[in-house]
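One structure below.
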């Protein structure tokens, strides 16, 4: 059976919907909501954004000393934000979701490769397609 690109995209959306209903994504959404509800974190993020804009301006105008001071303030606020337990949990959940997406992507790539090798009569253990196996008969062409 041959599939159309649209059928594949539709199936990918179905898999995406499944991923969106995993424990990892659910935790990610809850952690993000808790961060957004935390006034202290929101204030630090607003301050961080303001400092980042200042840093861009200082960099643009070549104000190296001012840029250094702003970068230290930015680092201090980032460290304060990162020290909040829910932020740590959020970052871990981001990593977990990214790992899940990478796992799905790798599984798809590996399966496509294996199917190509199998469909061409190749050798899965050597990772070679049938054309490689047939053209590499061990003899010399010289």
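Each value in this text was obtained by applying a stated rule to the coordinates, not by laboratory testing. On a predicted model such as this, the values are computed, not experimentally measured, just so you know. For neighbour counting, all protein chains shown are included, and Cβ atoms are generated from backbone atoms with ideal geometry for every residue, glycine included.
Annotations for the structure displayed:
- Test result for residue 98, more than 30 Å from residue 1 (Cβ to Cβ), free of Cβ contacts under 8 Å to residues at least 24 places away in the same chain and loosely packed, with under 14 Cβ neighbours inside 10 Å: yes
- Tally of residues being without any contact (Cβ under 8 Å) to a residue 12 or more places away in the chain and over 17 Å from residue 90 (Cα atoms) across segment 22-65: 14
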